[in-house]
Amino acid sequence: MTSPTSSPWVARPERTATSRQPESTRSGARIAICTPTYQRPANLTELLESIKAMDRAGLDIHLFVVDNDAERSAEPVVAAVMRDAGIPVDYDCEPVRSLPVVRNRLVKRAATVDPDWIWFLDDDQFVEPDALQLMVTTAERYNADCVVGRVPHTFEGSTSPWARWSGIFDEVHRPTGEPTGAFGSNGPLVRFSALQHVEGPFDPRLGLTGGEDSLFFTRFHDLGFRSIGCDEAVIWDRLHASRNTPRWLTQRALRFGLVKGFLVREVSPSPLKTVKWLAIGGGYMTLNGLAAAVMLPFGPRRYFRYWIKAARGYGILVGTLFPGRILDIREYATIHGH
């Protein structure tokens, strides 16, 4: 398996046969791979190629792609790449621009094959050949409801240091079998029977906002379902150079904070919980803002990470006070990638 460094933009690995031999999975485990896409044919092609190259022994895999482009631009890409792949493919189109609506359509389509698991993959990702085997084995060994792999990031076409200075894309290691939280829909393997207990499951209010996956998993965990890590399974995130700028990174940090504040007020709210997160957001903003000011004379390498943390703290504060503010954000109205 490729061993990426801790850099937020590591070189894209060559996908070769893995030296790891995962334990055999339960024969016939049915996996629905669910991928939303919108006008990123090159990225989608690479994801599909990596799915074709996976170790599928002992697994019953079905691929579902929902295109959010009313012009159905992804249809010929899916048809060309997955021809003779040996994997059943279901292509569908959702003309209404909304990521949660697309995700809900994927879940509905996946339900037609009665899967054991849904594997959410974004169209700007690609997977190591043994990733799914490792995740299914881990899920079965620990009787988990969700398994989260390792998601290193690669910035293609960019050598800018801003992302590294920000810390936003620092790689997260989740020890195998240990409980984990605070992740998105870019690569988790979710037990289908557990997912069905979450109403929606993705909230259409967050159409182009982002955060619908955070809301889903917060509700998922609030119902008592358990997520664990699988540090050996690697799912790569490919990030476009247009995201590697101080403006975009600051906006991303602010949006993360606003989403957290929204979740505080949306899922099992209480006055005590609200006060707690107001204090956390305000303190985080103030302390990191002061640190950024102190480090300002020493250049962006020193101050930018504190600035990003202060922006996130401000977002938590505002989002907790005014949870509806998150609905004004349209981060996913702009498409990054190819």
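Divide by every residue of the chain the summed helix terms, -39500 (n - 2.57) for each DSSP H run of at least 4, and state the resulting mean residue ellipticity at 222 nm, rounded to the nearest 500 deg cm²/dmol.
Working: 10 runs with 132 residues, N = 338.
Only helices count here, giving -12500 deg cm²/dmol.
Using the Karplus curve 6.51 cos²θ - 1.76 cosθ + 1.60 with θ = phi - 60°, work out ³J(HN,Hα) for each residue of region 52-61 in order, rounded to whole Hz, and write x for Gly and Pro.
In residue order, the calculated couplings are 4, 7, 5, 6, 10, 4, x, 10, 9, 9 Hz.
Measure off 7 Å from each Cα along the Cα-to-Cβ vector at residue 296 and residue 96, then give the distance between these two points in nanometres to one decimal.
Taking the two extended label points, one gets 4.6 nm.
Could you put 123, 92 in order, starting from the residue whose Cβ has the fewest other Cβ atoms within 10 Å? Let's see the in-between values first.
Working: 123 26, 92 15.
With the sparsest Cβ surroundings first, the list reads 92, 123.
For residue 322, put the label point 7 Å out on the Cα→Cβ axis and report which residues of region 209-250 keep their amide N under 13 Å from it.
No residue qualifies, since no backbone N sits under 13 Å from the label point.
Which lysines, if any, have their Cα less than 28 Å from the Cα of residue 276, not counting same-chain residues under 8 positions apart?
Within reach: 260, 309.
With the cut-off at 1.5 for a/c, could you classify region 189-254 from its C-alpha gyration tensor as rounded, prolate or oblate?
Oblate, because a/c is 1.5 or more while a/b does not exceed b/c.
Can you tell me, using C-alpha contacts under 8 Å and at least 6 residues apart, the relative contact order of the chain as a whole percent?
Reported as a whole number, the value is 20 percent.
I want to check the label-to-label distance for residue 276 and residue 108. Put each point 7 Å from Cα in the C-beta direction and report it in nm to one decimal.
Those two pseudo-labels are separated by 3.7 nm.
Extension gain residue 178-residue 251, at 0.36 nm per residue separation less the Cα-Cα distance, in nm?
On the way: separation 73, 0.36 × 73 = 26.28 nm, distance 3.14 nm.
That works out to 23.1 nm of additional length.
For residue 273, list the aspartates and glutamates whose Cα falls under 19 Å from its own Cα; do not include residues on the same chain fewer than 8 positions away.
Here the aspartates and glutamates satisfying the reach criterion relative to residue 273 are 222.
Answer rounded, prolate or oblate for region 246-333, using the Cα gyration tensor with square roots of eigenvalues a ≥ b ≥ c: rounded when a/c is under 1.5, else prolate when a/b is larger than b/c, else oblate.
It comes out oblate by the Cα gyration axes.
Points 7 angstrom from Cα along the Cβ direction at residue 287 and residue 171: gap in nanometres?
2.8 nm
Indicate the gyration tensor shape class of the chain (rounded, prolate or oblate), computed on the Cα atoms with a ≥ b ≥ c the square roots of the eigenvalues: a/c under 1.5 is rounded; otherwise a/b larger than b/c is prolate and the rest oblate.
prolate
Report the Cα centroid-to-centroid distance between region 58-78 and region 212-288 in angstrom, as an integer.
Cα centres, region 58-78 to region 212-288: 28 Å.
On a 0 to 90 degree scale, rounded to 10, what angle separates helix 271-295 from the longest Cα axis of the chain?
So the inclination is approximately 70 degrees.
Within the chain, what's the longest stretch lacking GluC sites (Glu not before Pro) that sit in DSSP loops with no more than 11 other Cβ atoms inside 10 Å? Intermediate values should be presented prior to the final figure.
On the way: sites that count: 14, 23, 71, 199.
That gives 200-338 as the longest site-free run.
Report the longest stretch of the chain that contains none of the trypsin sites (Lys or Arg not before Pro) sitting in a DSSP loop with at most 14 other Cβ atoms within 10 Å.
In the chain, the maximal stretch lacking such sites is 84-329.
All of the numbers you see were taken from the coordinates with simple rules; none came from a lab. Since the model is a prediction, treat every value here as computed from it, not as a measurement. With ideal geometry, Cβ positions are generated from the backbone for all residues, glycine too; neighbour counts draw on all protein chains shown.
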